[in-house]
């Protein structure tokens, strides 16, 4: 099994992200100050600002880190409908494991940061890998994933992952087999 090698600054970022989410359990997001995050993470304010410009940037880093770890763990380049179902199943599995931070973001009315992240990443992926595709298609995919995952979160991620994955892929898979 391969593991991503973490640099020392990754640990510091991890402590800052963890501190923010722990504080969000206890306090309203708007009332959390950078000083509170730095103190909870065991770092100084200067260290916080060395890595992040704002609390929102901490959340964006959280999404980016999880995405990198997900991509690193993928062993499959989807070529058929079943492959896409497997990838979406993996995405939903990661989401379910991370549902608590997403609940905190939703409670703080910050779930739009997740949608922005999805939009940016789907748009970049499509520009890099599928430049011939319709300009709006990545936003369709991002919006569907966002809306389905947020609704699923409202139900505490109780529905079966395989059913949701099939539903998503059935909605977007257009290739004839």
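Listed values, structure above:
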| read-out | value |
| --- | --- |
| Answer from 115, 110, 92, 104 - the residue that is closer than 18 Å to residue 70 by Cα and in contact (Cβ under 8 Å) with a residue 60 or more places away in the chain | 92 |
| Selected residue (only one of 68, 13 is assigned to a helix (DSSP H, G or I), out of contact with any strand residue (DSSP E or B) (no Cβ under 6 Å at 6 or more places or on another chain), in contact (Cβ under 8 Å) with a residue 24 or more places away in the chain and under 20 Å from residue 121 (Cα atoms)) | 68 |
| Set 38, 46: member being in a helix (DSSP H, G or I), loosely packed, with under 11 Cβ neighbours inside 10 Å, out of contact with any strand residue (DSSP E or B) (no Cβ under 6 Å at 6 or more places or on another chain) and modelled with pLDDT of 95 or more | 46 |
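The values are calculated or read from the model by the stated rules, or taken from the named source; none is laboratory data. This structure is a prediction, so every number in the text was calculated from the model and none was measured. Glycine gets a Cβ as well: all are built from the backbone with ideal geometry, and neighbour counts include every protein chain shown.
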